[in-house]
Amino acid sequence: MIAVHFDKPGGPENLYLKEVAKPSPGEGEVLLKVAASALNRADLLQRQGQYAPPPGASNILGLEASGHVAELGAGCQGPWRVGDPAMVLLSGGGQAQYVTVPAELLMPIPAGLTMCQAAAIPEAWLTAFQLLHLVGNVQAGDSVLIHAGASGVGTAAIQLARMAGATPLVTAGSQEKLQIAEKLGAAAGFNYKEEDFSEATLKFTKGAGVNLILDCIGGSYWEKNVNCLALDGHWVLYGLLGGAVISGPLFSKLLFKRGSLITSLLRPRDKKYKQMLVKAFTEQILPHFSTEGPQRLLPVLDRVYPVAEIQEAHEYMETNKNVGKIVLELPQ
């Protein structure tokens, strides 16, 4: 099969398509013929040599995919049959023509969605769902500050926060991104390049601050995050795009707010946790992608590239201009 490959860590120019052995499904696994796979920040980090796959995971890039069931491994007892359309959360391997996955991690594709739209759901939406509900314990009436509000996770979190009865606020780096976030349901958006988002957040919340922060930035935002966190608020850290180094009185400021700093990563979680997450998401959230009405959920796609243009896709993601997901189409 054809798969995205790189021989050594480095820039996008190191990426190319390579013919590799097609995997075979093991006990309880399904072989998925991949139609589309979305790009994630983790792919860029892995390409740069900064984020190794978890033990036992494929070295091939790609944390989510959509396609059709091609083969069932021994002991597959579930509802899946050869030919069924499905989308899947992966620890790696999605940017190839075939990938194996535990059957319990497959999700049905909601009616009316294309394969490219479906490929944009698993990693981003399951991440946003877990951050809000399992980690952040969002409640109706809460205010939620979502950094990188126009990212895949950000655009999902806005919609899921609204569905939970919370008020989503976002940060982003352009007016265009803020406008799209507000169309998706953000109550307000702050351009971090032009204003202090913590002051703007405090003004919007009339001084109370936000109950929950979803933060993929880290180091460079710590002081502003604590500044606009409400008393007893939860600050959930799930990325370090702004660096890992903290300089200053983080603990005293957090202690004064009685704030909780919680960290979360999805990719290294064990199979049992991911099964639970996929089951809850499939039951509680997935039907809303097909339901007409104001609560309908929508994956946001920025660009679709043929997988042969993998270098261009990585270069584009590195510009930080995308709104929503960048998707790769695999040859059929």
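A few remarks follow.
- So residue 217, is it touching a Gly at 6+ places or on another chain (Cβ under 6 Å) and hydrophobic (A, V, I, L, M, F, W, C): yes
- Unmet requirement for residue 167, which otherwise passes all of (1) in contact with a strand residue (DSSP E or B) (Cβ under 9 Å, 6 or more places away or on another chain); (2) over 30 Å from residue 296 (Cβ atoms): (2)
Residues are listed down the side, and each one gets a yes or a no for (1) aliphatic (A, V, I, L, M); (2) in contact (Cβ under 8 Å) with a residue 12 or more places away in the chain:
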| site | (1), (2) |
| --- | --- |
| 248 | no, yes |
| 259 | no, yes |
| 269 | no, no |
| 280 | yes, yes |
| 311 | no, yes |
| 324 | no, yes |
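- Filtered residue count, region 110-142, keeping only those that are over 19 Å from residue 296 (Cα atoms), part of a loop (DSSP other than H, G, I, E, B) and in contact (Cβ under 8 Å) with a residue 60 or more places away in the chain: 5
- All positions within region 210-220 that are farther than 18 Å from residue 131 by Cα and either in contact (Cβ under 8 Å) with a residue 24 or more places away in the chain or crowded, with 23+ Cβ neighbours inside 10 Å (or both): 219
- Matching residues, region 60-91, being part of a loop (DSSP other than H, G, I, E, B) and either under 16 Å from the mean Cα position of the chain (by Cα) or of a type in the set (Gly, Ala, Ser) (or both): 61, 62, 63, 73, 74, 75, 78, 83, 90, 91
- Within region 163-189, residues that are in contact (Cβ under 8 Å) with a residue 12 or more places away in the chain and of a type in the set (Lys, Arg) sit with their Cβ atoms under 8 Å from residues that are buried (at least 17 other Cβ atoms within 10 Å of the Cβ) and assigned to a strand (DSSP E or B), at 6+ positions apart or across chains, in these pairs: 177/189.
- Residues that are out of contact with any strand residue (DSSP E or B) (no Cβ under 6 Å at 6 or more places or on another chain) and β-branched (Val, Ile, Thr) were ranked within region 144-162; the one that is surrounded by the fewest Cβ atoms within 10 Å (Cβ to Cβ) is 153.
- A count restricted to region 264-287 and to residues that are outside any helix (DSSP H, G or I) and either not β-branched (Val, Ile, Thr) or not assigned by TED's automatic domain parsing to the domain that holds residue 58 (or both) stands at 7.
- For residue 251, the stated conditions hold: it is farther than 22 Å from residue 50 by Cα, of a type outside the set (Asp, Glu) and loosely packed, with under 13 Cβ neighbours inside 10 Å.
- Single condition residue 57 does not satisfy, out of (1) of a type in the set (A, V, I, L, M, F, W, C); (2) more than 17 Å from the chain's Cα centre (by Cα); (3) closer than 30 Å to residue 243 by Cβ; (4) buried (at least 19 other Cβ atoms within 10 Å of the Cβ): (4)
The values are calculated or read from the model by the stated rules, or taken from the named source; none is laboratory data. Quick caveat: nothing in here was measured; it's all calculated off a predicted structure. Note: ideal-geometry Cβ built from the backbone for every residue, glycine included; neighbour counts use all protein chains shown.
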